1. So which of B:122, B:107 ends up being touching a residue at least 12 places away in the same chain (Cβ under 8 Å) and under 24 Å from the mean Cα position of the chain (by Cα)?
2. Of the residues A:103, A:90, A:109, A:141, which single one is more than 10 Å from every other protein chain (Cβ to nearest Cβ) and surrounded by 13 or more Cβ atoms within 10 Å (Cβ to Cβ)?
3. Considering each of B:261, B:268, B:216 in turn, give the residue that is modelled with pLDDT of 95 or more, within 30 Å of residue B:392 (Cα to Cα) and within 9 Å of another protein chain (Cβ to nearest Cβ).
4. Give just the number: which of (1) surrounded by 13 or more Cβ atoms within 10 Å (Cβ to Cβ); (2) out of contact with any strand residue (DSSP E or B) (no Cβ under 6 Å at 6 or more places or on another chain); (3) at pLDDT below 95 does residue A:200 not satisfy?
5. Do we find a residue being in contact with a helix residue (DSSP H, G or I) (Cβ under 6 Å, 6 or more places away or on another chain), within 14 Å of chain A (Cβ to nearest Cβ) and closer than 17 Å to residue B:147 by Cα anywhere in segment B:233-247?
6. Looking at (1) in contact (Cβ under 8 Å) with a residue 40 or more places away in the chain; (2) under 22 Å from residue A:360 (Cα atoms); (3) in a loop (DSSP other than H, G, I, E, B); (4) away from chain B (no Cβ under 14 Å), which one does residue A:194 not meet, given that it meets all the others?
7. Mind checking which residues of segment B:56-108 are at the interface with chain A (Cβ under 10 Å from one of its Cβ atoms) and on the phi > 0 side of the Ramachandran plot?
8. Could you please give the count of residues in segment B:113-123 that are out of contact with any helix residue (DSSP H, G or I) (no Cβ under 8 Å at 6 or more places or on another chain) and either buried (at least 20 other Cβ atoms within 10 Å of the Cβ) or away from every other protein chain (no Cβ under 13 Å) (or both)?
């Protein structure tokens, strides 16, 4: 509660006490009513005051003063109200608004697929460890590694046991996740990255069985289904407590803080690890800070112990530059293609300095021999196509991107395909715009 | 070296200040009349840009460095990644949408209003589907709230890391939202609203980033929002509809909101188990740590905002906020926490919204260890890094609301440091 209304109350005597109590009790939902009640009260006060004025001038003056004070309190109350959500609560209605329409059962079935910790929501179906391995290697291993150990910076899904108390805990499905439902639910709805929602129930059961196997949590003959779901014990099931900051922290940290002589001396114990440059084109470049804490002053209530002779030089301040105007003729098509490319960008790069990611870089792909990017290890299908000298034409590209798995048997590209013809045309045009 | 300077410290300070002032004399102190004033300038003679030139304006080119920035090596892919609000260069409290940080788990999607559907199902009398137009027909409200990623300042658990307040504290923005209270929609569907119920919210993007919210919060101040700072939400912030969960971690503010399900238990989705849980020194983890505790930081001077004007009047400026309500007070220290002064608030703080603070001083050119410390209406005082580590250890990622220190040297250059 802000201070100003408190200051006003004593000046107002009896009326103020009533109003003050009203503010004190004010609660979010009823604030509007209270303010209305106050308005009625002000009217009553001023009505009284003006009848008094007919009788005696002195009383009239007092009434006017009172009125003004009430107005001040009201103003203060509304200032106070502006800070919270009391200003204008949306009106409640007892009945319904009658907006929206009833959801169809098919719609609910399509969207409501989350799985609860007790297994409610799990679909029919099953999958075993070995099928899971096959699907995993095909669809997931490019990022998460053949054994769910994680490639480069991509998430690790297995191992990390007994690391949770370390400074850099390795939090995996095995070492950290408390519920099996979460693994099924997340893989089913959100993976593979760039192709979410494409896994069948059987595939998902199989992959989850394989992830459990990779974490030594089940034997290799394990089959996961609704029926075996509750048999699996998660390592870290007991590892979580519900937020206890209120007891452990807030209770202690609500004391009036120290203002003077709070410490004897302060020393700098660590300097920024990374110096950051911020180039005008965006992003940032960081370099290690080699400077040591040695040459820096310590502080007492007298100020710094000394002024360093040679201060470190700053990272150069970015020079602002004007943004170049962009415009070209086939803009619309290319723009559309750029948009479609977002579906590919998780795995492919194009443009200056593009490097191989999960998939090969795609600069100059049109007219290029299939499977020919240096340093990329292609699946057998592409290796054979390369040996046969097959070349990427717009037609071949459209056929491949419409149904990658059908076009190229056994391809590593975990991508379901583009359904719309206009998207296929746009992406082909877009790729064509990047030369070697 | 330390001792050598001690006897004459004061004298030395004065001397160095004089040197600094002389060295930094700028154009305004130039000898003789300023040609910018005495000579006719192009812009005062030729005409400027017409009103048909810029149907929707970007900041002037001189400000083109005030942009969101990302740090490439933080994540495997920019599609599941984060960028940072340039808070060092902003003032006041409202974050313009165009430079407000983004965090996506599988990229920002383009979802049009005609294609938008919102479903309410689960423990309700009548499962419903709303269109975008339906939402605009419910009574709506306006509120300013901050949205802070739980991982803001997360790297600093391990000590002073990136040198810039944009990077240490820039996973935050503060906007004025227009939207419908979630309770209105729950009522419309006839939801069971007893305290043991939960509301599971899910987005339309590929990450289907779902979170469970306890019913008490859902009925309190959660908004289903479609406007921010007066205009439509930006794509990257969930156009056309996002959830606003005041004072609670940003991950719960589900973007591209497509489904609200009333359940009898928390779903324990990936984002509330594998992520957004806090591991403590002994390896146990805290879950359901939703509130963002009181926090503040000095935005200028800071590493990206060195003091370039030399000694004399200096405005120290920063931001404070609390997920528990209003900011009531901010203190600033120039000596690393030995002495504190109470700063001035730019205006009375709104609940669960950014509050701007200022400390106006005369800088004598002496090095400073700048810190700020926020207090909120519950009386909570922002803790030091040492206090936080004592309670939680150092293996956590989220909810680091420690007091930040900038070392400002005699040249006015600021650096991210940790102090004893």
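1. Numbers: B:122 fails: under 24 Å from the mean Cα position of the chain (by Cα).
Result: B:107 is the single residue among B:122, B:107 that is touching a residue at least 12 places away in the same chain (Cβ under 8 Å) and under 24 Å from the mean Cα position of the chain (by Cα).
2. Details: A:103 fails: more than 10 Å from every other protein chain (Cβ to nearest Cβ); A:90 fails: more than 10 Å from every other protein chain (Cβ to nearest Cβ); A:109 fails: surrounded by 13 or more Cβ atoms within 10 Å (Cβ to Cβ).
When all the criteria are applied, what remains is A:141.
3. Every option except B:268 fails the conditions.
4. For residue A:200, the failing item is (3).
5. Going residue by residue through segment B:233-247, those that are in contact with a helix residue (DSSP H, G or I) (Cβ under 6 Å, 6 or more places away or on another chain) are B:234, B:240, B:245.
The next check asks that each one be within 14 Å of chain A (Cβ to nearest Cβ); those that pass are B:245.
Filter once more, so that each one left must be closer than 17 Å to residue B:147 by Cα: B:245.
Yes; the residues of segment B:233-247 include at least one that is in contact with a helix residue (DSSP H, G or I) (Cβ under 6 Å, 6 or more places away or on another chain), within 14 Å of chain A (Cβ to nearest Cβ) and closer than 17 Å to residue B:147 by Cα.
6. Exception for residue A:194: condition (4).
7. The answer is B:107, and nothing else.
8. To start, the set of residues in segment B:113-123 that are out of contact with any helix residue (DSSP H, G or I) (no Cβ under 8 Å at 6 or more places or on another chain) comprises B:115, B:117, B:122-123.
Add one more test, that the residue is either buried (at least 20 other Cβ atoms within 10 Å of the Cβ) or away from every other protein chain (no Cβ under 13 Å) (or both), and what stays is B:115, B:122.
Qualifying residue count for the region: 2.
The values are calculated or read from the model by the stated rules, or taken from the named source; none is laboratory data. Note that the structure is predicted; figures quoted are calculated from it, not measured. With ideal geometry, Cβ positions are generated from the backbone for all residues, glycine too; neighbour counts draw on all protein chains shown.
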